[in-house]
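The values are calculated or read from the model by the stated rules, or taken from the named source; none is laboratory data. Predicted, not measured: the structure shown is a model, and the values here were computed from it. Cβ coordinates were reconstructed from backbone atoms using ideal geometry, including for glycine residues, and neighbour counts include every protein chain displayed.
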Amino acid sequence: MTTIKGRIPPWLLTVAAMFSIQLGSALSLGLMPTLGPLGTAWLRLSMGALILLALARPPLKNLRLRDAPVVVGLGVATAVMSVTFLAAMERIPMGTAVAIEFLGPLTVAALRGRGVRSLILPATALAGVVLLTEPWAGHVDLLGVGFAVMGAVGWAIYILLTQRVGDRFNGIGGLALTIPIAAVAAAPFGLPQAIGHITWETVAVAAALAVLLYRFCPTFWKCLPSAA
C-alpha cells in the first residue's frame, strides 16, 4: 500500500475513486426499477459481505475492544452512504447527486489542508452544486438533495474511518469486518423493498457491483495522504 501511496499522485487516486463510484452508481440504476433504491443498496452490501467472508476470514482475534467503535462506525457510515446515495439518485439527476456527495471528501481535504488554497476546490464544488440544483428555479427536490447531503456526510466519515481501519488491519481484513456490519445496518431499510424481487440475475449484478465498490474504492481512499 505504501508503494501505491508514494508513486501515484493524490489527485489521480481521487479521480480513480470517483470514477469507480460513478460507474458503480450508473450500473446500479439497472437494479433500482426491480429492487428499489434501498433494496439495491442492501443487496449490494449483502453480496459484498458474502464475497469478503468467502475470501478472507474476519480477523476477529486481532480485534481489540478499542477498535470496535471505529469498525462499527465504518460499517454504519458505509450503509448510510450506500442507502442515501441511491435514494438521492431516484429523486435527482445522478450528476447532481454525485456533485453534492463529493462535497464530503472535498470538505475532508479542506479541513486537512493548510491555508486559503485548500478551500478553493470545495468552494468551487459548492458553487457548481448550486448551479446544478438551481434553487432559484423553485423546482428543487429537497428530499433528494437531503439524501445526497446525508450521503456526503457519510462519505466524509467513511474516508476518515477507512484510513484508520486500513492502518489497523492488513489486506481486506478490515473490509471483511465492516461490510457485514453495513449489510446488517441497511437491512431494515432495504430488505422490505427487495423481498420478492430477488432473482439470480439481480444477485449476479449486485455481486459484480460489490466487487467494484467495496474492493477498489477503499484502496484508493486509504492511499491518499492525510492532506490530500
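The set of residues in the stretch 64-102 that are farther than 18 Å from residue 42 by Cβ and hydroxyl-bearing (Ser, Thr, Tyr) contains only 96. If we keep just the residues of the stretch 189-200 that are assigned to a helix (DSSP H, G or I) and in contact with a helix residue (DSSP H, G or I) (Cβ under 9 Å, 6 or more places away or on another chain), which is surrounded by the fewest Cβ atoms within 10 Å (Cβ to Cβ)? Out of the qualifying residues, it is 192.
Assess whether residue 154 counts as being closer than 16 Å to residue 75 by Cβ and at pLDDT 75 or above. Yes, satisfied. Evaluated against (1) hydrophobic (A, V, I, L, M, F, W, C); (2) buried (at least 16 other Cβ atoms within 10 Å of the Cβ); (3) in contact with a Lys or Arg (Cβ under 7 Å, 6 or more places away or on another chain); (4) at pLDDT 75 or above, residue 207 falls short on exactly one condition, (3).
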